[in-house]
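Below is the structure I would like to discuss, written out as structure tokens.
The values are calculated or read from the model by the stated rules, or taken from the named source; none is laboratory data. For clarity, every value in this text was computed on a predicted model and none was experimentally measured. Cβ atoms come from the backbone with ideal geometry, glycine included; neighbour counts cover every protein chain shown.
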């Protein structure tokens, strides 16, 4: 579960950096980091595809085509299941918690003169912790990375997410307090549990039927779509693509991979 640990470490380091640095990152630096992360997501996704296609040129083309079809069908299933709407609802809930924590900052600062000031700081800390845990756990990139880590030990997607979450935490820790950094622990438990479950239960079955590569290829293609969101090229409903991880091995099995 190296990827889950790396993600949690990125959050903690981002919190330390945010607490130590008074001024926020400049717009130029933020733009550079966004472009770098977008390029890293594309590289990690294409690397997954490259490492998992095999055989002749025709066979490789067939595998990529089946993965693309799995992504398209997975997106259709995700829309039926309303996965993006669920993800967006969680995001709005987390955003409201962060806004609430910011509003309570003034109350915390007046704790010595207000009778309820002692209750404001714990509430603010709890809101920030909950919001960060929801945001970091619900990210589609984290689920993709945990699955690929469990299937092949490739934690490159979670490495990209670790940097993204660390950068986000530099701002969250200023708004919500240091307690929000502890969201690294539920993130580690959540992603680590997915990795462990995939490694212990799904991987033996998929490996015995030579289907693990199909999942990794589909995950790599979805990771490339994530780069479009990071680079702000276009809005992509990422959560809707997650069923592709289940559709891909099924199509591969039906096609006699």
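Hey, which of the helices (runs of 4 or more DSSP H) in the stretch 184-257, taking only ones fully inside, have at least 3 residues that are crowded, with 19+ Cβ neighbours inside 10 Å?
Details: elements: 184-197, 203-208, 212-230, 244-254.
Where helices (runs of 4 or more DSSP H) fall fully within the stretch 184-257 and carry at least 3 residues being crowded, with 19+ Cβ neighbours inside 10 Å, they are 184-197, 212-230, 244-254.
Ok, one more. Have a look at 28, 34, 47, 89 and point out the one that is out of contact with any helix residue (DSSP H, G or I) (no Cβ under 7 Å at 6 or more places or on another chain), assigned to a helix (DSSP H, G or I) and under 19 Å from residue 142 (Cα atoms).
Only one candidate passes the filter, namely 89.
Can you tell me which condition residue 1 does not meet? The list is (1) more than 30 Å from residue 152 (Cβ to Cβ); (2) surrounded by 12 or more Cβ atoms within 10 Å (Cβ to Cβ); (3) modelled with pLDDT under 90, and all the others hold.
Unmet for residue 1, out of (1) more than 30 Å from residue 152 (Cβ to Cβ); (2) surrounded by 12 or more Cβ atoms within 10 Å (Cβ to Cβ); (3) modelled with pLDDT under 90: (1).
Then there's this: Do we have any residue at all in the stretch 33-40 that's touching a residue at least 60 places away in the same chain (Cβ under 8 Å), closer than 26 Å to residue 199 by Cβ, surrounded by 21 or more Cβ atoms within 10 Å (Cβ to Cβ) and within 16 Å of the chain's Cα centre (by Cα)?
Checking the stretch 33-40: not a single residue is touching a residue at least 60 places away in the same chain (Cβ under 8 Å), closer than 26 Å to residue 199 by Cβ, surrounded by 21 or more Cβ atoms within 10 Å (Cβ to Cβ) and within 16 Å of the chain's Cα centre (by Cα).
Here is a yes/no grid of residues against (1) farther than 20 Å from residue 3 by Cα; (2) modelled with pLDDT under 95:
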| residue | (1), (2) |
| --- | --- |
| 152 | no, yes |
| 162 | no, no |
| 173 | yes, yes |
| 178 | yes, yes |
| 181 | no, yes |
| 199 | no, no |
| 205 | yes, yes |
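Continuing with this model, one more query. Could you please find all residues in the stretch 50-86 being surrounded by fewer than 16 Cβ atoms within 10 Å (Cβ to Cβ) and either touching a strand residue (DSSP E or B) at 6+ places or on another chain (Cβ under 9 Å) or not in a helix (DSSP H, G or I) (or both)?
Correct list: 54, 55, 56, 82.
Tally time: how many residues in the stretch 17-29 are surrounded by fewer than 16 Cβ atoms within 10 Å (Cβ to Cβ), under 22 Å from residue 162 (Cβ atoms) and at pLDDT 90 or above?
Number of matching residues: 4.
Let me ask something additional. Residue check: is residue 168 within 15 Å of the chain's Cα centre (by Cα), part of a helix (DSSP H, G or I) and modelled with pLDDT under 95?
So residue 168 fits the description; yes.
Go through the stretch 50-62 residue by residue and tally those that are closer than 13 Å to residue 214 by Cα and out of contact with any helix residue (DSSP H, G or I) (no Cβ under 6 Å at 6 or more places or on another chain).
So the answer is 7.
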